[in-house]
Amino acid sequence: MRYLSKLPVIIIIVLLIPIKAFSTDIPDPRYKTIEYIKWYPGHYYNAIKRTVSFKTHRSVLLAGALLLPTAFIIDNRVQNYAQKRGFYSKSISKIGDLYGNPWGYIGGITLVTATGFISKQPFTKTISQVQLIAESVQTTALITFILKDITHRERPNRKSYKSFPSGHTSGSFALAACLNEIYGKKVGYLAYFMAGFVASSRINDNKHYLSDVIAAAILGTIIGKSFAVQHLFEFKIYNDKNNSNTSISYSFKL
């Protein structure tokens, strides 16, 4: 899979191409399947472009610029402490492992589906929320996989060369960013807490270094927030055009 090392250059070139979304109208996939298929590539492309927006991710990037170099410096000290004293018992740490893949994602999608049904919100809105989580997590997983192949960093337990960044952690932070936008800070804080727990459990289990999980947290947060911002932007335009005919609200907050 070493050919994947060429992909970042391709991705950068693609992101520089001035492609616009095919339409800002959001087709209902139940009734306008063809229109939805035509609309989706432009939607996805614009979400990806938001990942390189410094304005959107200023605070995350500035924090990462401080934390990531520091993490590399203290990686071995943190790892030695975790293995000698441990952060959690094996049973507690196992919860982080399971939440990071796959139960956190399943739980997140189940939550938005259930709350959408209970609150009787429009079907299009519920589908959009499910789509937001699915595409954020899947995109994060793909980019994480590419970075693992490029960096080829050995895990602290010496069992593979897929250490940087942590897939469990990046996915959990992408999910947290989505839930924060959908439900607001109360749920968002809990989701970020769980993502942090997943990150620490990966160190505790000797699967990753501190720098692996810090990088993953930055990556997942940026991708999750990028897709969330794109969804909000599209719904705002959709509502502006259909203000008198639609009950879909601008905000995802329930």
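For (1) among the basic types (Lys, Arg); (2) more than 27 Å from Thr221 (Cβ to Cβ); (3) crowded, with 16+ Cβ neighbours inside 10 Å; (4) in contact with a Cys (Cβ under 8 Å, 6 or more places away or on another chain), each residue gets a yes or a no:
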{"position": "Pro29", "(1), (2), (3), (4)": "no, yes, yes, no"}
{"position": "Asn46", "(1), (2), (3), (4)": "no, no, yes, no"}
{"position": "Leu62", "(1), (2), (3), (4)": "no, no, no, no"}
{"position": "Asp75", "(1), (2), (3), (4)": "no, no, yes, no"}
{"position": "Ala82", "(1), (2), (3), (4)": "no, no, yes, no"}
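Among the residues examined, Leu66 qualifies as within 25 Å of the chain's Cα centre (by Cα), surrounded by fewer than 13 Cβ atoms within 10 Å (Cβ to Cβ), farther than 19 Å from His168 by Cα and not acidic (Asp, Glu).
Considering Ala82, Ala47, Ala65, the condition of being assigned to a helix (DSSP H, G or I), under 20 Å from Val130 (Cβ atoms) and either touching a residue at least 40 places away in the same chain (Cβ under 8 Å) or small (Gly, Ala, Ser) (or both) is satisfied by Ala47 alone.
Taken as a whole, region 190-211 holds no residue that is within 20 Å of Leu111 (Cβ to Cβ) and not in a helix (DSSP H, G or I).
Candidates in region 149-168 are the residues that are in a helix (DSSP H, G or I) and in contact with a Leu (Cβ under 9 Å, 6 or more places away or on another chain); of these, the one that is farthest from Val198 (Cα to Cα) is Ile150.
Anything in region 136-158 that is farther than 15 Å from Thr169 by Cα, of a type outside the set (Val, Ile, Thr) and either buried (at least 18 other Cβ atoms within 10 Å of the Cβ) or in contact (Cβ under 8 Å) with a residue 60 or more places away in the chain (or both)? List them, or say none. Listed by number, the residues that qualify are Asp149, Arg153, Pro156.
Does Ser119 count as of a type in the set (Ser, Thr, Tyr), modelled with pLDDT under 90 and surrounded by fewer than 16 Cβ atoms within 10 Å (Cβ to Cβ)? Against the criterion (of a type in the set (Ser, Thr, Tyr), modelled with pLDDT under 90 and surrounded by fewer than 16 Cβ atoms within 10 Å (Cβ to Cβ)), Ser119 does not qualify.
Against the conditions (1) out of contact with any Lys or Arg (no Cβ under 8 Å at 6 or more places or on another chain); (2) modelled with pLDDT under 95, Leu62 satisfies every one except (2). Across region 68-115, the number of residues qualifying as hydroxyl-bearing (Ser, Thr, Tyr) and under 15 Å from Ile214 (Cβ atoms) comes to 1.
The values are calculated or read from the model by the stated rules, or taken from the named source; none is laboratory data. None of these values were measured; they are calculated from a predicted model. With ideal geometry, Cβ positions are generated from the backbone for all residues, glycine too; neighbour counts draw on all protein chains shown.
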